[in-house]
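So the structure is just underneath, and the comments pick up after that.
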């Protein structure tokens, strides 16, 4: 989507993956228990919650009234790991799944119909899990993207190989109008949508051999005012701190899902 594109008031709810594609469009937590997860993230990140269109097992998290993330209590029912997962907008879920499988990735779940759209949970050829979404995006998607309440980074063994995989699946750097741009900046592969940085892919020093010890995964980051306070509150509510610097902390929630909180100043 062009950086200067203006979505008329009253038509934002009509934004779909046919006009926005290839970019991260949402992040979602797969959990076992809604009540426990709600209590943890309300305490740590100050979120409020509302039900969406998908049913009682699903919730939408709000930060200052802006939808930030989703939660689905389906880990036990679908025998899935408790984890945070980024979702990318695609015009066709079937085509995206086929492209993933053709390039050595796997389809774990879906595509499944979730009116007003369809979703699938996939893994790239190195095992990093991600999702795709076809259909209407969250009503105020432009605000979500530009305020960047959530940010994602892929930790993988070979950033350039991963960029080729996702580029072919999601039409990055293609000739299609509005596609995501891919650049190499500061030692990372950087994905931009409409000029805004929306994701990063890292694997270590340029030209270095792939690191076999890295377990490839997408890490979801949330911008916060006080990293130290979030880390302390996470421990007080049954979570743990995996690592911490002054501007960033990697946390694990009370159910085992890993995420990162990053200082708003740093972001």
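The values are calculated or read from the model by the stated rules, or taken from the named source; none is laboratory data. Predicted, not measured: the structure shown is a model, and the values here were computed from it. Cβ coordinates were reconstructed from backbone atoms using ideal geometry, including for glycine residues, and neighbour counts include every protein chain displayed.
Residue 203 satisfies every condition listed in (1) modelled with pLDDT under 90; (2) touching a strand residue (DSSP E or B) at 6+ places or on another chain (Cβ under 8 Å); (3) within 25 Å of residue 131 (Cβ to Cβ); (4) surrounded by fewer than 19 Cβ atoms within 10 Å (Cβ to Cβ) except (4). Of all the listed residues (91, 115), the sole one being farther than 21 Å from residue 153 by Cα and at pLDDT 90 or above is 91.
A Cβ distance below 7 Å, combined with a sequence gap of six or more or placement on separate chains, defines the contacts here; from segment 82-98, residues that are more than 28 Å from residue 260 (Cβ to Cβ) reach residues that are part of a loop (DSSP other than H, G, I, E, B) and modelled with pLDDT under 95 in the pairs 91/17; 91/18; 91/21. Can you tell me which residues in segment 146-178 are on the phi < 0 side of the Ramachandran plot, part of a loop (DSSP other than H, G, I, E, B) and modelled with pLDDT under 85? Once the filter is applied, which keeps residues that are on the phi < 0 side of the Ramachandran plot, part of a loop (DSSP other than H, G, I, E, B) and modelled with pLDDT under 85, segment 146-178 yields 149, 174, 175, 176, 177. Each residue in segment 216-267 was checked for being farther than 24 Å from residue 156 by Cβ and out of contact with any helix residue (DSSP H, G or I) (no Cβ under 8 Å at 6 or more places or on another chain), and 10 pass.
Is it the case that segment 37-59 has a residue that's surrounded by 14 or more Cβ atoms within 10 Å (Cβ to Cβ), over 20 Å from the mean Cα position of the chain (by Cα) and at pLDDT below 95? Within segment 37-59, none of the residues are surrounded by 14 or more Cβ atoms within 10 Å (Cβ to Cβ), over 20 Å from the mean Cα position of the chain (by Cα) and at pLDDT below 95. Per this entry, residue 211 is not counted among residues that are modelled with pLDDT under 85 and in contact with a helix residue (DSSP H, G or I) (Cβ under 8 Å, 6 or more places away or on another chain). Scanning segment 116-126 for residues that are in contact with a strand residue (DSSP E or B) (Cβ under 8 Å, 6 or more places away or on another chain) and either surrounded by fewer than 18 Cβ atoms within 10 Å (Cβ to Cβ) or free of Cβ contacts under 8 Å to residues at least 12 places away in the same chain (or both) yields 116, 123.
Checked against (1) surrounded by 15 or more Cβ atoms within 10 Å (Cβ to Cβ); (2) in contact with a strand residue (DSSP E or B) (Cβ under 7 Å, 6 or more places away or on another chain); (3) outside any strand (DSSP E or B); (4) modelled with pLDDT under 95, residue 96 passes all but a single condition, namely (4).
Selection within segment 235-262: residues that are touching a strand residue (DSSP E or B) at 6+ places or on another chain (Cβ under 7 Å) and over 22 Å from residue 35 (Cα atoms). The member of this set that is surrounded by the fewest Cβ atoms within 10 Å (Cβ to Cβ) is 243.
Considering the conditions (1) in a loop (DSSP other than H, G, I, E, B); (2) modelled with pLDDT of 85 or more; (3) in contact with a strand residue (DSSP E or B) (Cβ under 6 Å, 6 or more places away or on another chain), residue 104 is excluded by exactly one of them, (3). Each residue in segment 105-115 was checked for being more than 15 Å from residue 88 (Cα to Cα) and buried (at least 19 other Cβ atoms within 10 Å of the Cβ), and 1 pass.
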